[in-house]
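The values are calculated or read from the model by the stated rules, or taken from the named source; none is laboratory data. Because the structure is a prediction, the values reported are computed rather than measured. Positions of Cβ are generated from backbone atoms using ideal geometry, with glycine treated the same way; all protein chains shown enter the neighbour counts. Side chains included, ligands, DNA and RNA excluded: accessible areas come from the protein's heavy atoms. Shrake-Rupley method; radii C 1.70, N 1.55, O 1.52, S 1.80 Å.
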Amino acid sequence: MKIIDAYCGVGPWAVKDKITPCEPAEILAIMDSCGVDAALVFSNLIAYNAWAPDANRLAAEAAAASRGRFIPAFVLAPRPYQESLTPADFAAAMKRAGARTAWLWPAHQQHGVSLWLIGDLLSLCVQKRIPLFLPADNVTPDQIHDICRGFPKLRLVLVNLGYRSDNWLYPLLKLHRELRVCLGSTYIPPLGPEQFVRHFGAGRLIFGSGLPQFAPGGLIAHVMYSRLQDADKRKILAGNIEALMKEVRL
């Protein structure tokens, strides 16, 4: 089955440790060993408060050198200064680089998620149909609810969920049809992906490993060895994110 990793960092951190891989060749080798066809990549430097345009440039450069294995995922950020990038600037840069997804990192970029602050970025994602990834450990359930309520057509994908998140996650998913979940990193449904699919179908679950901090092999196995139909496995591992990227209009 085709596998696209929707949650993957590439390139060095501010200080590289001796164990965690980071160079593009290292990431590609892991992908090859696990049968991952492609990955949506952001720059690992974003974790060290790198200026978003710099992080996006590094992601685009890694993608350009990967022969189609990496697809750049751009980081969006508010506009505090007159010379800061506007939402239109981000969209133009995404189009030039071939990026089809975006991220908000409120903790790493040190900004909140109040609608008065990021509303123009959310509007951009709605207008251009850009899937927006958001670490759930950077926000509260109430803030997620406010974002989805204020922008009901936003294709919002939550990452970094915990296995105890279902208590608030499932009610949010029932309220907001465009809200999606990244399977992987720190989130595996307590009773496997079958439980999620039983409640919401396979169309709202997207595979993303959290490379390089998490290895994809075990997470892929949770899908491949589940009792799901093969059609549902294909959606989770690649089909859902492919369908979303095809709808982007930059």
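Things to note:
- Screening region 20-40 for residues that are open to solvent by 40 Å² or more (accessible area, probe 1.4 Å) and over 25 Å from residue 224 (Cα atoms) and picking the one that is modelled with the lowest pLDDT gives 23.
- Complete set of residues in region 156-210 that are open to solvent by less than 10 Å² (accessible area, probe 1.4 Å), touching a residue at least 60 places away in the same chain (Cβ under 8 Å) and in a strand (DSSP E or B): 157, 159, 182, 184, 206, 207
Per-residue answers, yes or no, for (1) within 30 Å of residue 33 (Cβ to Cβ); (2) of a type in the set (A, V, I, L, M, F, W, C); (3) open to solvent by less than 40 Å² (accessible area, probe 1.4 Å):
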{"residue": "73", "(1), (2), (3)": "yes, yes, yes"}
{"residue": "77", "(1), (2), (3)": "no, yes, yes"}
{"residue": "84", "(1), (2), (3)": "no, no, yes"}
{"residue": "88", "(1), (2), (3)": "no, yes, no"}
{"residue": "93", "(1), (2), (3)": "no, yes, yes"}
{"residue": "96", "(1), (2), (3)": "no, no, no"}
{"residue": "101", "(1), (2), (3)": "yes, no, yes"}
{"residue": "105", "(1), (2), (3)": "yes, yes, yes"}
{"residue": "108", "(1), (2), (3)": "yes, no, no"}
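- Any hit, region 128-141, residues being surrounded by fewer than 20 Cβ atoms within 10 Å (Cβ to Cβ), free of Cβ contacts under 8 Å to residues at least 60 places away in the same chain and in contact with a Pro (Cβ under 6 Å, 6 or more places away or on another chain): yes
- Subset of region 110-119 that is modelled with pLDDT of 95 or more and closer than 10 Å to residue 77 by Cα - its residue that is least open to solvent (accessible area, probe 1.4 Å): 118
- Meets criteria (under 24 Å from residue 248 (Cβ atoms), surrounded by 13 or more Cβ atoms within 10 Å (Cβ to Cβ) and under 18 Å from the mean Cα position of the chain (by Cα)) for residue 144: yes
- The sole residue among 10, 75 that is among the β-branched types (Val, Ile, Thr) and in contact (Cβ under 8 Å) with a residue 60 or more places away in the chain is 10.
- Residue 244 being touching a residue at least 40 places away in the same chain (Cβ under 8 Å) and more than 15 Å from residue 7 (Cβ to Cβ): no
- If the condition is being of a type in the set (Asp, Glu) and either within 25 Å of residue 32 (Cβ to Cβ) or touching a residue at least 12 places away in the same chain (Cβ under 8 Å) (or both), then region 49-71 contributes only 61.
- Residue among 219, 173, 179, 183 that alone is out of contact with any Cys (no Cβ under 6 Å at 6 or more places or on another chain) and at pLDDT 95 or above: 173
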